[in-house]
Amino acid sequence: MSGPDGMMQEDGRQGRALEVRNLCKSFRVGSETFARSELVKAVDDVSFAIAAGTTMGLVGESGSGKSTVARMITRLITPDSGEILIDGVDVLQNRQAARSFARTVQIVFQDPTSSLNPRWKVGNLIAEGIRVHRLCPGNEVNGRVIALARRCGLDADSLDRYPHEFSGGQRQRIAIARALAVEPGIVVLDEPVSALDVSVQAQILALLQELQDAFGLTYLLIAHDLAVVERFCAHVAVMRHGQIVEAGDPHQIHSDPQHPYTRSLVEAHPVPDPRRRQRQTA
Amino acid sequence: MMHVSVPKRRGRPLPNIIVVFAVTTLVFFAILAIFAPWIAPHPPNAQSLMMRLRPPGTEGYWLGTDQLGRDVLSRIIHGARISLAIGVVVMVLTAMLGVVIGLISGYFGGWVDTVIMRIVDIWLAFPFLVLAIALVAVLGQGPDKIVIALVLSGWPGFARPVRGEVLQLREREYTLSARALGVSPFGVMFKHLLPNVMPTVLVLSAVDLGYNILALASLSFLGLGIGAETATWGGMLASGRNYVATAWWLAALPGIAIFLVVISSNLIGDWLRDRYDPRSPFRQARNQSLAEARAAKAAQSAQAPTQPNA
């Protein structure tokens, strides 16, 4: 596959650098007919950059705009202003680039119960992207799907079943396989483990780590849990009211939060060690 | 076609016996319709001036004869043909047109949705039958014209509920993930949304069948249906009206046929909703009892291996 500007890629499975500059998005809230609607700034001048093959965490409470950022990067909604650069190319301005990058950004949602169409078999769910983009000849689709399912820890015989027959963790594996089927370079993980049991969370995070190492994926990990981010990311940004209030090394932010909001976020998280807990309250 | 979305039914779920009755009735009439020429004892238009206005029970004319000496039973059997054929054809076409319009309106939203929904509003401002009568008056008579008129007046009954459901479904994460994968708008609509609105469409269709048959009968009754030479239930009802005082069977028997078919299709619609509409309280109750049964079974089988040791 050859990217824009003649850039060559052997298989498309290579992390891409993602940069976001001054991203803004407002929503109109309230009645349309009787003019009392008001604009709410969901995302207000957000900028960050993620190097290819690395993970950045985006933390914030619900309503802080982090999911809106995720959806703009995945091009499910259009930003009001700002730039989204993939490998340095602005995909909002450059239509041609946008098309060639269309499948390079994929998303994994929080709740695999609702992110998998209940009326589709798992095999077809995973194969959909491959078929839509004609990534391989029709007779090879099956083999590819099976290989991908195995890679994500699913049995080949699970492909004939429906999503509701699986546990939450297994469903999230299906959702991950579905997203990876189109060989993305960047994967937005929108709270990928917060709907799962703690024991399963660790397995899914391990799988994501493994896939990142194997394919050099670039991750944007969205979470409201600093602990998950601290373990998984090299870099973290904290969002509140549509703005990034603090960014940097996750360990540093955790041990020495600068912004009062980050501090409250850190303190809100229970510490499993009583001695450390005392230190935290002291 | 009914012009509101499927109403919430109160009370208890339908007993199975009623469903069996409804299905049997429809199958019975369907068989009559398909094999009409072989089942009917007389040709539907064979007149006999000697045998005018004979009551039911007359030898050879079990359901009696009309004012021209035509066999009522044969005419009802042949009338089933027209009624069911037009009812089913109109149902399928109305559902297709309404679903496509509803999908487009709900999925694209914005001005497309606004325009389509205002058209629906205008459509619904006219009573269904009045609209159908007006269309037949413009288009002229004949089975094909009737079908067109009924489809054109009935589609909002599908479009509006489907659109409402699509409004919810398009925000579901599986729709978003399909869009992120690069599936085209029509791919999302027909491959992801359509299967999920099918239960609603099924329920609406069953009810729609009854309404179509009733509408066809009403049009025939008003003399706007199919030509007078064809036996139709509505037409029989209309001509029998003149003899209601002296020959009750002329109006009553086709009326009973209409009643049976319409109520059967409505009952089947209710039953389908109980079964397939996830919001139906009966379905929830049923799922719950199923889950309890499963849990009890699991607990039993978990205990089973320990029993021999005990």
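The values are calculated or read from the model by the stated rules, or taken from the named source; none is laboratory data. If you're wondering where the values come from, they're calculated on a predicted model, not measured in any experiment. Cβ: placed from backbone, ideal geometry, glycine included. Neighbour counts: every protein chain shown.
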Grab the helices (runs of 4 or more DSSP H) fully contained in the stretch B:132-233, keeping just those with 3 or more residues being within 14 Å of chain A (Cβ to nearest Cβ). B:156-169, B:173-181, B:194-221
Checking A:Val200 against (1) within 26 Å of A:Pro250 (Cβ to Cβ); (2) part of a loop (DSSP other than H, G, I, E, B); (3) of a type in the set (A, V, I, L, M, F, W, C), only one condition comes out false. Which one? (2)
Working only within the stretch A:202-237, note down all residues that are among the β-branched types (Val, Ile, Thr) and modelled with pLDDT under 90. A:Val228, A:Val229
Can you tell me which condition B:Leu272 does not meet? The list is (1) at pLDDT below 80; (2) over 30 Å from B:Trp62 (Cβ atoms), and all the others hold. (1)
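Name every residue in the stretch A:173-191 that is of a type outside the set (A, V, I, L, M, F, W, C) and more than 12 Å from chain B (Cβ to nearest Cβ), in order of residue number.
Quick first cut of the stretch A:173-191, residues of a type outside the set (A, V, I, L, M, F, W, C) only: A:173, A:178, A:183-185, A:190-191.
Of everything in the stretch A:173-191, those that are of a type outside the set (A, V, I, L, M, F, W, C) and more than 12 Å from chain B (Cβ to nearest Cβ) turn out to be A:Arg173, A:Gly185.
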I'm told A:Asn117 meets every condition in (1) within 14 Å of chain B (Cβ to nearest Cβ); (2) assigned to a strand (DSSP E or B) except one. Can you identify the failing condition by its number? (2)
Would you confirm, using the coordinates I've provided, whether B:Met2 is closer than 30 Å to B:Val120 by Cα, at pLDDT below 85 and surrounded by 16 or more Cβ atoms within 10 Å (Cβ to Cβ)? yes
From B:Arg70, B:Arg54, B:Arg81, grab the single residue that is over 21 Å from B:Arg241 (Cα atoms) and of a type in the set (Lys, Arg). B:Arg81
Residue match in the stretch A:95-114 (condition: within 10 Å of chain B (Cβ to nearest Cβ), over 13 Å from the mean Cα position of the chain (by Cα), assigned to a loop (DSSP other than H, G, I, E, B) and surrounded by fewer than 20 Cβ atoms within 10 Å (Cβ to Cβ)): yes
Starting from residues that are over 26 Å from the mean Cα position of the chain (by Cα) and aliphatic (A, V, I, L, M), keep the ones in the stretch A:30-41 and report whichever is modelled with the lowest pLDDT. A:Ala35
Pairs, first at pLDDT below 85 in the stretch A:244-256, second polar (S, T, N, Q) and surrounded by 14 or more Cβ atoms within 10 Å (Cβ to Cβ), C-beta under 7 Å, six or more apart: A:Ile253/A:Thr262
Do you know which residues across the stretch A:224-256 are closer than 18 Å to A:Leu189 by Cβ and part of a helix (DSSP H, G or I)? A:Leu226, A:Ala227, A:Val228, A:Val229, A:Glu230, A:Arg231, A:Phe232, A:Pro250
If A:Pro79 satisfies all but one of (1) of a type outside the set (Gly, Ala, Ser); (2) buried (at least 20 other Cβ atoms within 10 Å of the Cβ); (3) within 14 Å of another protein chain (Cβ to nearest Cβ), what's the number of the condition it fails? (3)
Determine whether the stretch B:187-204 contains at least one residue that is under 30 Å from A:Ser100 (Cβ atoms), surrounded by fewer than 21 Cβ atoms within 10 Å (Cβ to Cβ) and of a type in the set (Phe, Trp, Tyr). yes
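Specify which of the listed residues (A:Ile186, A:Ile174, A:Ile126) is more than 30 Å from A:Ser255 (Cβ to Cβ), in contact (Cβ under 8 Å) with a residue 60 or more places away in the chain and buried (at least 23 other Cβ atoms within 10 Å of the Cβ). Outline the logic, then answer.
On the way: A:Ile186 fails: more than 30 Å from A:Ser255 (Cβ to Cβ); A:Ile126 fails: in contact (Cβ under 8 Å) with a residue 60 or more places away in the chain.
Just one listed residue meets the conditions, A:Ile174.
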First in the stretch A:216-234 and in contact (Cβ under 8 Å) with a residue 60 or more places away in the chain and assigned by TED's automatic domain parsing to the domain that holds A:Val266, second anywhere and in a helix (DSSP H, G or I) and among the basic types (Lys, Arg), Cβ under 9 Å, 6 or more apart: A:Ile222/A:Lys66; A:Ala223/A:Lys66; A:His224/A:Lys66
Answer yes if at least one residue in the stretch A:137-151 is without any contact (Cβ under 8 Å) to a residue 40 or more places away in the chain, among the acidic types (Asp, Glu), in a helix (DSSP H, G or I) and not assigned by TED's automatic domain parsing to the domain that holds A:Val228, and no otherwise. yes
Give the residue that is nearest to the chain's Cα centre (by Cα), with candidates limited to residues of the stretch A:222-267 that are under 26 Å from A:Leu208 (Cα atoms) and of a type in the set (Gly, Ala, Ser). A:Ala223
Just to be sure I understand the filter: pairs with C-beta atoms under 6 Å, separated by 6 or more residues or on different chains, first member in the stretch B:111-122 and modelled with pLDDT of 95 or more, second member surrounded by fewer than 17 Cβ atoms within 10 Å (Cβ to Cβ). Which pairs pass? none
Confirm whether A:Arg263 is outside the structural domain of A:Leu148 (by TED's automatic domain parsing), out of contact with any Ser or Thr (no Cβ under 9 Å at 6 or more places or on another chain) and basic (Lys, Arg). yes
